[in-house]
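Below is one structure, written out as structure tokens; comments come after it.
All of the numbers you see were taken from the coordinates with simple rules; none came from a lab. Everything numeric here is computed off the predicted structure, so don't read it as measured data. For neighbour counting, all protein chains shown are included, and Cβ atoms are generated from backbone atoms with ideal geometry for every residue, glycine included.
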Amino acid sequence: MRVGVFICHCGNNIAGTVDVAKVAAETRKLPGVVYATNYMYTCSEPGQEEIKQAIQKENLDRVVVAACSPRMHENTFRKTVEKAGLNRYFFEMANIREHISWIGEDKELNTNKAIEAVKMAVAKVMNDKPLYSSSFKVNKRVMVIGGGVAGMQAALDCADGGLDVVLVEKSPSIGGMMARLDKTFPTIDCSICILGPKMVDVAQHEKIKLYAYSEIEEIKGYVGNYQVKIRKKATYVDWTKCTGCGACMEKCPTRNAYDHFNFGVAPTRAINIPFPQAIPKKAKIDPTFCRQFTKGKCGVCAKICPTGAINYEMEDEIVTEDIGAIVVATGYGLFDLDKFPEYGAGRYPDVITGIQYERILNASGPTSGHILRPSDQTEPKTVVFVSCAGSRDKSLGVPYCSNFCCMYIAKQAILTKDHVPDSQSYVFYMDIRSPGKGYDEFTRRAQEDYGVKYIRGRVSRIYPKGKKMVVRGADTLLGTQVEIEADLVVLATAVISAPGAANMAEKLHISYDTFGFYVESHPKLRPVETNTSGVFLAGACQGPKDIPASVGQGSAAASKVLSLFSKDMLESDPAIAQVNINACVGCLKCVKTCPFQAIKEEVLRSGKKVAKVIETVCAGCGVCTSTCPCGAIQLQHFTDNQLLAEVNAICQS
Amino acid sequence: MSVVAEKELRVVGFLCNWCSYGGADTAGVARFKQPTDLRIIRVPCSGRVDPLFVVKALLTGADGVLVSGCHPRDCHYTDGNFYARRRLEMLKRLLPFIGIDERRFHYTWVSASEGQKWQQVVAGFTNRLHQLGPLHAKKENEG
């Protein structure tokens, strides 16, 4: 065996705290190693060229690169050795950067640890076997989960690219958060005017199949071949018959149903169409408020409906869709007022959230676009905005910035002045964060042209005094206490992960961070990919994001899907389980433990029962290998021998 | 000698590729300083870790073994880490029967975003082992 080892300096990243020359010198003493060298940047073009030349010149048959994490560059170097004629699995990486040079301060200890890491990789590579991919067919249909602006953009781009798209939205209409906004910053463009036509495009696109008011029940399969079960939730209205005329909503006697679309600013009817531009524009009954469900009698809507669409007996329906890739665009959630006891915890009607104020400003909202405060429906003259209500507050579990609140507060303050010219707005802020194009100019405009008073400091308490709300806080620039008697207080509540985000991640087998936001494959270079191939991210499900960023990610995810689907066949990962039928005793414990049902029983011609791996279904976890009592089923590239060789390299030296 | 005598102990870590190996990478990228004792073996899933690997390491020279996977319910392979948890918990209880202090073995869950938690896990476990001292002291003295 002729192993070549290449030790990377990574500039000073590794060489700064590891004596790379010594690592190379020690490596040359290892049995099997015929060539070892250190190089400034092994991943650079000349670095890779050096590997190829060494393979030819030194007749190497195995290669080890000691550099950064294999999660970073394993694929890069596998391609390099493949180009030089070696099987791509005759390659191992020793992670001497993330796991050694960046975390240890003592050069002697680091160098020794790096030598050991190389020793382990050499032991592993000497036990490696050549593996060959097989190819499988791709089902070129894509599913987009979430019909907000990011999901819609992804769906439209995929559909325009010729793909069949299945769009699943959990609420009764697509549009997401953007459909609720009145205007958008920094142009003060009308939100629904730019979103509405896009929603219509989605509805009318012959390539897009829309499941509104539906949720993902179960996801099975792998990239190219997923089977997804979708739960179509009961609307109690037959949408094939409903024309969206709204007669039912007008006549419904239950007038106190919670309005999810308006975030409870005003009540709605038990049967309702969420908003005038809804897509699909269909009615839906909320059984928690409907008298037919709570009291067992009413039936007004059934009587009034001109097409007989009402069906109180309707049940959830499960449908299955076969698809090849998934774009996740499930958006975000918002903190509730009950998180803020010092601000009244939702007890004061005139302390509201930013999104609620957005609905009050909106012409299709409950006040028809007239700014009227919730308590007495009068026009507020003094409005106080509180930024960072929950954001950047470790004690509330939200240490991060919610990204777009500074901007929407400036927008709402400008709109307040437009609606009520004799009003005065105040903004309590920690910092003004306005790094986007035209954003900083916009916040300045709010202050300079609209006379919005910005007070740098936190609000400690909000309490009622007569008809007013007293906002008490600090002005940290003047070093004084401030008290403002406000008519209306708007809290920019923190952006959090969407309700049920963790549950969804578990169905998708993707990772999520401490806060429930989905984790991308690489924070800089792979921002819309996940570690599960075939699953992509778009929008605020990955972290708080404004509209342009969400739209950008929607398009990016679509382009990733289109490039994935540009091939008819995909290559499978050959690092899957394999059964040695001579050693298998047919106990079939592996069949029971396999998380993917990828192993089945096979009867050989001799009549012997053995386990058989279904190659396309096996995901390569290796649970079967550690289950097998006789070592008959081995996960390729992570066999018992290969892993024990690494253990021995550490322990028996 | 594979470890630097007096300063280090021999610690073997089995890390799943998707969460904990990524978490260790994240810790590295963030330059969260850690003791140098740990030697990391990458496995696809904590469910791939055969308890006998742990025993083999402890019997042949390791002073401690650490296994880390994805958080329960967040496994890249659906429920590989549940199998790991069951096996490793059993292993932990059996270790005293082969004369090994169960504190020399630790399993935990660290996600790819939890760099800081990884630092704490490594520091905590290494510290615990240093308090216990080397497992193979006699052998080392002879050698």
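Summary of computed values
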| item | result |
| --- | --- |
| Orientation-averaged projected area, Cα convex hull of segment A:316-458 (nm²) | 12.8 nm² |
| Where labels lie 7 Å past Cα in the beta-carbon direction, separation of residue A:580 and residue A:12 in nm | 5.1 nm |
| Among A:15, A:43, A:122 the positive-end extreme of the charge dipole of segment A:3-127 (Cβ point charges) | A:122 |
| Sequence of B:101, A:182, A:393 once ranked by neighbouring C-beta atoms within 10 Å, starting from the fewest | B:101, A:393, A:182 |
| Dimensions (Å) - segment A:234-315, Cα atoms, principal axes, largest first | 31, 30, 23 |
| Cα lying deepest toward the dipole's positive end in segment A:577-636, options A:623, A:611, A:635, charges on Cβ | A:611 |
| Inter-chain shielding of A:529-537 (mean C-beta neighbours from other protein chains, 10 Å cut-off) | 1 |
| Violating pairs (Cα-Cα greater than 26 angstrom) within the set A:567/A:589; A:209/A:592; A:183/A:229; A:137/A:233; A:170/A:281 | A:567/A:589; A:209/A:592; A:183/A:229; A:137/A:233 |
| DSSP-defined beta bridges in the protein assembly as shown - what % are antiparallel, rounded to 5 | 45 percent |
| Cα-only radius of gyration and Dmax that characterise segment A:3-127, units Å | 12.9, 39 |
| Computed over the protein assembly as shown, the ratio Rg/Rh where both radii use C-alpha atoms and Rh is Kirkwood | 1.03 |
| Peptide ranges A:610-618, A:268-276, A:374-382 listed from the most packed, as the mean C-beta count within 10 angstrom indicates | A:268-276, A:610-618, A:374-382 |
| Descending semi-axes in whole angstrom, ellipsoid equivalent of segment A:109-248, from the Cα gyration tensor | 46, 23, 15 |
| Rounded to 5, the percent of DSSP beta bridges in segment A:346-479 classed as antiparallel | 45 percent |
| Sequence of B:71, A:9 once ranked by neighbouring C-beta atoms within 10 Å, starting from the fewest | B:71, A:9 |
| Calculated [θ] (222 nm, deg cm²/dmol) that DSSP helices of n ≥ 4 give over chain A, each run adding -39,500 (n - 2.57) | -8000 deg cm²/dmol |
| Where the Cα pairs of chain B fall when distances are cut into 5 Å bins, in % | 2, 11, 21, 22, 20, 14, 7, 3, 1, 0 |
| Point-charge dipole on Cβ atoms (K/R +1, D/E -1) for the protein assembly as shown, about Cα centre, debye to 20 | 1240 debye |
| Residue exposure sequence - A:100, A:304, A:432 - by fewest surrounding Cβ within 10 Å | A:304, A:432, A:100 |
| Between segment A:388-436 and segment A:82-130, the alpha-carbon center distance in angstrom | 49 Å |
| Fraction of the pair-distance distribution of segment A:345-391 above 14 Å, Cα-Cα pairs, percent | 53 percent |
